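Presented below is the structure to which this report refers.
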Amino acid sequence: MLVSPSLLAANFANLERDIDMLNQSHCDWFHLDVMDGVFVPNISFGFPVMEAMARTAQKPLDVHLMIVEPQKFIPEVKALGAKVMNVHYEACTHLHRVVQAIKNEGMMAGVTLNPHTPVHLLEDIITDLDLVMLMSVNPGFGGQKFIPQVLEKTRKLRRLINESGSRALIEIDGGVNRETGQRLAEAGADILVAGSAIFNAPNPHAEIDFLKGLSR
Ligand code: DX5
Ligand code: ZN
């Protein structure tokens, strides 16, 4: 399992300490949650903060844009040195164009689905995608409760990917902890995002190692 801790749950007054902790851990990516107060009812952080994070982070950046018109920021995300650029299906009228533009910049193109958006809407684009991220909470806040329907949705996505011959990875974001992580692994997830489960734990390394040890 790949583990992508969400910095949304970090201590923003002491980011360097939390980023160092992740640098020393066995986590795989850094998950950065960008919110614009329009696509989601909250505002998190933007490029100046992410540039500072990128200077300290020693693992690939997994950028999750919860913003309208994410295609406007492809050059900025590229300039951060991000490995993955995740855009929301619901925020892209011309999703195919956005996905090609992300790939042309040499980044992995990820498409994220809100809890109510069905997997089958990706049927005609799945072979172009490097990653599909399923939201298992309504985006906008950390620390929310996992929506259990996402387990069956993960199995559906796994079938769509296998049957289409797509190489897309499956990432799950929201309410991931030891228990939901275990069930998501069995359902076919490749990458787990976790914020509060990692940062609020007495020993974040133990949580990361537990999630990393999960397999199908
Ligand atoms: C929610 C964000 C998530 C969030 C996850 O809008 O996209 O990445 O930080 O937080 P937890 O793991 O606490 O649900
Ligand atoms: Zn996220």
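Table: residues versus (1) among the β-branched types (Val, Ile, Thr); (2) away from ligand 2 (no atom under 13 Å from the Cβ).
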residue	(1), (2)
VAL98	yes, yes
ALA109	no, yes
THR112	yes, no
HIS120	no, yes
LEU134	no, no
LEU151	no, yes
THR154	yes, yes
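What are the pairs with Cβ atoms under 7 angstrom where one residue, in region 126-140, is closer than 10 Å to VAL111 by Cβ and among the polar types (S, T, N, Q) and the other, located anywhere, is more than 12 Å from ligand 2 (Cβ to nearest atom) and part of a loop (DSSP other than H, G, I, E, B)? Sequence gap at least six, or different chains.
Cβ pairs passing all conditions: none.
Can you find, within region 136-149, the residue that is surrounded by the most Cβ atoms within 10 Å (Cβ to Cβ) among those that are of a type in the set (A, V, I, L, M, F, W, C) and within 12 Å of ligand 2 (Cβ to nearest atom)? Break it down stepwise before answering.
Within region 136-149, the subset of a type in the set (A, V, I, L, M, F, W, C) is 137, 141, 146-147.
Restricting the remaining residues to those that are within 12 Å of ligand 2 (Cβ to nearest atom) gives 137, 141.
Working: VAL137: 19, PHE141: 17.
Within region 136-149, the match that is surrounded by the most Cβ atoms within 10 Å (Cβ to Cβ) is VAL137.
Output the number of the condition that MET53 fails; it satisfies all remaining conditions of (1) more than 19 Å from CYS27 (Cα to Cα); (2) within 17 Å of the chain's Cα centre (by Cα); (3) not charged (D, E, K, R).
The one condition MET53 does not meet is (1).
Of the numbered conditions (1) within 20 Å of ASN138 (Cα to Cα); (2) surrounded by 22 or more Cβ atoms within 10 Å (Cβ to Cβ); (3) among the aliphatic types (A, V, I, L, M); (4) in contact with a Phe, Trp or Tyr (Cβ under 7 Å, 6 or more places away or on another chain), VAL63 satisfies every one except a single condition; which is it?
Tallying (1) within 20 Å of ASN138 (Cα to Cα); (2) surrounded by 22 or more Cβ atoms within 10 Å (Cβ to Cβ); (3) among the aliphatic types (A, V, I, L, M); (4) in contact with a Phe, Trp or Tyr (Cβ under 7 Å, 6 or more places away or on another chain), VAL63 fails exactly one: (4).
Please determine, by comparing only the residues of region 30-85 that are touching a residue at least 40 places away in the same chain (Cβ under 8 Å) and over 26 Å from ARG17 (Cβ atoms), which one is farthest from ligand 2 (Cβ to nearest atom).
So the residue we want is PRO41.
Would you check if ILE43 is of a type in the set (A, V, I, L, M, F, W, C), within 15 Å of ligand 1 (Cβ to nearest atom), within 18 Å of the chain's Cα centre (by Cα) and surrounded by fewer than 15 Cβ atoms within 10 Å (Cβ to Cβ)?
Working: of a type in the set (A, V, I, L, M, F, W, C): yes; within 15 Å of ligand 1 (Cβ to nearest atom): yes; within 18 Å of the chain's Cα centre (by Cα): yes; surrounded by fewer than 15 Cβ atoms within 10 Å (Cβ to Cβ): yes.
Yes, satisfied.
What number of residues within region 1-60 are β-branched (Val, Ile, Thr), outside any loop (DSSP other than H, G, I, E, B) and more than 27 Å from ALA187 (Cα to Cα)?
Adding up the residues that qualify gives 5.
We did not get these values from a lab; they are worked out from the coordinates using the rules stated. Please read these numbers as outputs of a predicted model, since none were measured by experiment. Every residue, glycine among them, receives a Cβ derived from its backbone with ideal geometry; neighbour counts consider all protein chains shown.
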